[in-house]
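Right, one structure below, let's go through it.
The values are calculated or read from the model by the stated rules, or taken from the named source; none is laboratory data. In this text the structure is predicted, and so the values were computed from the model without any measurement. So basically every Cβ, Gly included, is an ideal-geometry build from the backbone, and we count neighbours across all protein chains shown.
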């Protein structure tokens, strides 16, 4: 089978471009892995472990056709949306793990920060939830001694997130099924190894 000269030239250009792109991608991947390894090696020993955050939308479902005297609503269940992975920030001897992100069904920005100053320091957990204008929601920010430890204590922390009636209706319409009613919304913070 023979190809016209112009078609053969186009095919060879595509193959060359694909080879260059493949090599560039491979180099980028290798450089990224080496950068991450080098960055991890520069972190102090007291760097907080990675944390994961998610927003949970708790709901109950109306059970159609339930007999008189039987339960007409299901047991509580939830839908969840993960926030971005935590990032490390080092400043003046303090090391922080920071999660900064938004959930698709809420007009809020979530900022979670776990900070430690030494190996002996258990650290602090600061949680802030901001509205669209950048103002903290009622009850935020909150700062407590870090409860996210590998030994002893709780390995997760839950925060109730206030939602208006209008926002509740919007979540029920866009996220939940027809007979499901939103009961509350929570921010769940865990050590990453604890996240299912």
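Hey, among 155, 181, which residue is surrounded by 15 or more Cβ atoms within 10 Å (Cβ to Cβ), under 30 Å from residue 74 (Cα atoms) and touching a helix residue (DSSP H, G or I) at 6+ places or on another chain (Cβ under 7 Å)?
One residue alone meets the criteria, 155.
When you check residue 129 against the structure, is it surrounded by 13 or more Cβ atoms within 10 Å (Cβ to Cβ), touching a residue at least 60 places away in the same chain (Cβ under 8 Å) and in a strand (DSSP E or B), yes or no?
Considered against the rule, which asks whether it is surrounded by 13 or more Cβ atoms within 10 Å (Cβ to Cβ), touching a residue at least 60 places away in the same chain (Cβ under 8 Å) and in a strand (DSSP E or B), residue 129 comes out as no.
Please go through the range 81-104 and give me each residue that is outside any strand (DSSP E or B) and either surrounded by fewer than 20 Cβ atoms within 10 Å (Cβ to Cβ) or free of Cβ contacts under 8 Å to residues at least 12 places away in the same chain (or both), ordered by number.
84, 85, 92, 93, 104
Right, residue 45: modelled with pLDDT of 55 or more, part of a loop (DSSP other than H, G, I, E, B) and exposed (fewer than 11 other Cβ atoms within 10 Å of the Cβ) or not?
yes
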